[in-house]
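The values are calculated or read from the model by the stated rules, or taken from the named source; none is laboratory data. Everything quoted here is computed from the prediction, not taken from an experiment. For neighbour counting, all protein chains shown are included, and Cβ atoms are generated from backbone atoms with ideal geometry for every residue, glycine included. To get the accessible areas, we keep the full protein, side chains included, count just its heavy atoms, and leave off ligands, DNA and RNA. Shrake-Rupley method; radii C 1.70, N 1.55, O 1.52, S 1.80 Å.
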Amino acid sequence: MQKNSHHSVPRGSVSPHNWPTCVLGRINVETNIMSAKIPSILKSAGTLLISVLLTACGGGEETGTSSSTTPISNPITTPGTTPTTGPGVSSTQQPRWTTPLLLETSNSQVELFSNVPRYWLGISDSGDATVAFIQADATGRRALQVTRGNSDTNWSEPTVIDAAAPIDVGDYPFSGSVSRPDVAVSPNGNAVVAWAHLTDCGTGSYLKNPADPCSFVYASRRLAGESNWEAPIRVSDSPYGVWGPHRVKINDRGDVAILFAHAEPTETTARIDRPGVALRTATESAFRVEVLNDWPIAYGFATGPELHRLVILGLDETGHVNVTGQRGTDIVSYRGSVASGFGSVQVAAELESRAATASLFAVHTGSSGYIATLWLQDTATTAGSVLLSVFSPTTQSWTPSAVPIDLTQYLSSGALTTANSLSLFSTSKWALRVTDDSAGHVLIYDRCTLTQWKAGAVIPKKNLPSLCGLHLSDNALFVFNQKGDYVGVNASGYDGGWVSYNQSTNSMTHTMPANLAGVQPQDYVLGTRTRIAGSFPTVMDVSNTGKAILVTSNRYATLPSASGPIGDLHPSLYNLWGLFLH
């Protein structure tokens, strides 16, 4: 099989995986929050797709250690041929998909787990993409590998970056969250990868003997313009809780923040984990860890979902971090900095004061430091109100005066009651964004409408173009950038169809025709009607410049195309493919 070709030959054989019919977006930029503590009005059903940039915070301090000082090289190879544009696209003024390319040529399986892909990605504003995945190396070890590519170049050969701290690939519940690497890429191209390494627990009880296995978070960073990845650095001397996922962020300065479930070594019964936040400035060689001691997370099966969905990490371009989310029945936020942490006394801002349970929907942190939080809660007059609170870095407070803004009257969905939650669950997409506007500009997408908050006031909803795609989003994958632009695949009910939207002009830069008879090859990602997300595990990201990267794993040796709509399906082995929108 030739590298960087959309042709390949059959490889080894493993058992195929069964994948769900719906993949709901990019987890480190979009979070599907279906809280275990949703109020009774949403117990029937309810979902919210949220575009979020995560950040973090904490309390007690620990020091990370470096396992090696040898950098790991991962240069992008000199391009042989520039990838061609997507099938049937003739206009250079319109966005277009490149020809899919193989990202790896190994004869072993790209790791998958149940319904969760074990690979992740990010893209810079210049179109430089980083993809991390798990695949057997030359020795047969299931290794964490990284490849880099650009919409104008070929992909680099995959590079193993976990040799000094092999990734944990245990197949226990939620290991899809534990073992899958998390990747963050800043607008200028800084990148960081974090993963779990399984080793002896060492000193400290952790409910285990020192020789028992514990999972520790490790991370490797690559600064923009450099080919080498740093040697893996151990994030914390404390392991993180069973099934606890980790989340990572990096900014243009090179500051890194990582959120994980911090295991408490001294609690031997009714164990409680807490959010741990690892902080490292651009110039530091190790991480400092702070723990949010007054934010308990139930130990056990619920730890992963609770930390993943209810505790959100944010990092801005000035180096400020926040951990915002649902603590018990309340919405709270901690704010600090990568350099100084959260202070000797941890103080949480409470965003609401009602006794009624608040269920987190979304948190998004803007690059200039504004933070928007959206949640569901009963008010005195409305059951299932959708509430908004915004933090201003100028006033250093949540506005307006910590009294949430009731958006229910402005939204198409209205109050989220039992009667309409089933419809909302199956047909609607929501998203929350904070733009780069220094005055604070919040965007709330609800189906094909957009409600905004700016300079302290709500701007009533306006309609998006009728074929926006967000109103018919079953089995679809949508990603949003900082500006509120979005790209959707499997949009408007068409398998493999795609749409793209420009927020500043409120216009579709690409949309699907109103009826099937008008669909052209360029309206499909692969040039033909093939469900590229949903049937296959697929992840996607979009930059602030509108360049997007899509990576999908499937059993095709040759993908379907306009000239060969059936493709060449391998009986069992999954390949990893990547293509750009630019």
Lys, Arg +1 and Asp, Glu -1 on Cβ, resulting dipole of the stretch 476-581 about Cα centre, debye, nearest 20: 40
Given 249/547; 454/483; 462/483; 249/461; 483/547; 249/454, the pairs whose alpha carbons are separated by over 23 Å: 249/461; 249/454
Cα gyration tensor shape of the stretch 476-581, rounded if a/c is under 1.5, else prolate or oblate by comparing a/b with b/c: oblate
Residue 396 to residue 545: extension gain in nm, 0.36 nm per residue of separation minus the Cα-Cα distance? 50.7 nm
Per-residue ³J(HN,Hα) for the stretch 247-255, Karplus 6.51 cos²θ - 1.76 cosθ + 1.60, θ = phi - 60°, Hz, x for Gly and Pro: 10, 10, 9, 9, 10, 5, 6, x, 5
What number comes out for the charge environment of residue 187, summing +1 per Lys or Arg and -1 per Asp or Glu over other residues with Cβ under 9 Å away? -3
Distance in nm between label sites at residue 199 and residue 356, each 7 Å beyond Cα in the beta-carbon direction? 5.0
With a Förster radius of 30 Å, plug the Cβ-Cβ distance of residue 212 and residue 286 into 1/(1 + (r/R0)^6) and report the FRET value to the nearest 0.05. 0.75
Long-range HN-HN contacts of residue 143 with modeled amide H, under 5 Å: 135, 136, 137
Inter-label distance, nm, simple model (7 Å from Cα along the C-beta direction), residue 466/residue 293: 6.1
Give the carbon-plus-sulfur fraction of the accessible surface of the stretch 476-581 in %, rounded to a whole number; probe 1.4 Å, heavy atoms of protein chains only. 52
Residue 563-residue 505 FRET efficiency (beta carbon distance; Förster radius 25 Å; 0.05 resolution): 0.15
